[in-house]
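Since the structure comes first, as structure tokens, the remarks are kept for the end.
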Amino acid sequence: MRLRINYLCFLLENHLNSIDFKKKALHYANQYDVCCFLDSNNYEDIYSEYDFILAFGSKAELKSSKGDAFDELKHFYEFNKQWLFGSLSYDLKNETEDLKSDNPDQLNFPDLYFFVPEYLIASKSGEIRIILGDVSILKKIKNFKIPKYKNKD
């Protein structure tokens with residue numbers, strides 16, 4: 001274990017490879033109301049900083065409808081000034097262009113949703129980094145038992 005600027009880095013133990021860790025981490029994060037998983041799927045290029053990033057838990061969140069969504073996002077970022085994860089709906093195009101659509105919304109997702117994660121875990125070349133949150137989360141993930149699902153026949 002070694003200390004780096006603003007985050008702790010951990011090398012995976014030999015008996016827990018990165019695929020097992022990723023699987024356990026995703027199942028663990030699924031217990032939270034909010035999570036976001038970004039995975040390179042082993043695609044390599046010179047610009048990639050991480051193989052995957054997992055953000056979960058929410059310290060703060062923004063849900064906005066079209067109208068002033070981008071201004072609200074700007075204020076949300078100015079107030080938080082850290083990692084943000086979220087989504088934008090297709091209908092937000094109407095805020096940037098003179099367009100209109102009246103398609104039914106059957107999902108009722110917010111037009112804009114962003115959150116500040118409680119935990120942020122990243123991996124590069126098998127090295128796990130806790131960027132946000134307490135380092136004890138690694139032990140919780142390592143010891144997490146993935147539920148067994150039964151197939152419906």
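The single residue among Asp105, Asp111, Asp134, Asp91 that is closer than 22 Å to Leu38 by Cβ and free of Cβ contacts under 8 Å to residues at least 40 places away in the same chain turns out to be Asp134.
So which of Phe109, Phe115, Phe144 is in contact with an Asp or Glu (Cβ under 8 Å, 6 or more places away or on another chain) and of a type in the set (A, V, I, L, M, F, W, C)? Break it down into steps so the answer makes sense when it comes.
On the way: Phe109 fails: in contact with an Asp or Glu (Cβ under 8 Å, 6 or more places away or on another chain); Phe144 fails: in contact with an Asp or Glu (Cβ under 8 Å, 6 or more places away or on another chain).
On inspection, the qualifying residue turns out to be Phe115.
Of the helices (runs of 4 or more DSSP H) entirely within the stretch 59-153, those holding at least 2 residues that are among the hydrophobic types (A, V, I, L, M, F, W, C) and modelled with pLDDT of 85 or more occupy 69-80, 137-142. Within the stretch 27-57, being crowded, with 17+ Cβ neighbours inside 10 Å, in contact with a strand residue (DSSP E or B) (Cβ under 7 Å, 6 or more places away or on another chain) and within 17 Å of Asp134 (Cα to Cα) holds for Ala29, Cys35, Ile53, Leu54, Ala55, Phe56, Gly57. Scanning the stretch 96-130 for residues that are among the charged types (D, E, K, R) and either buried (at least 16 other Cβ atoms within 10 Å of the Cβ) or closer than 30 Å to Ile46 by Cα (or both) gives Asp111, Glu118, Lys124, Glu127, Arg129.
The values are calculated or read from the model by the stated rules, or taken from the named source; none is laboratory data. As the structure is a computational prediction, the values presented were derived from the model and not from experiment. Because the Cβ atoms are built from the backbone with ideal geometry, glycine has one as well, and the counts that use them run over all protein chains shown.
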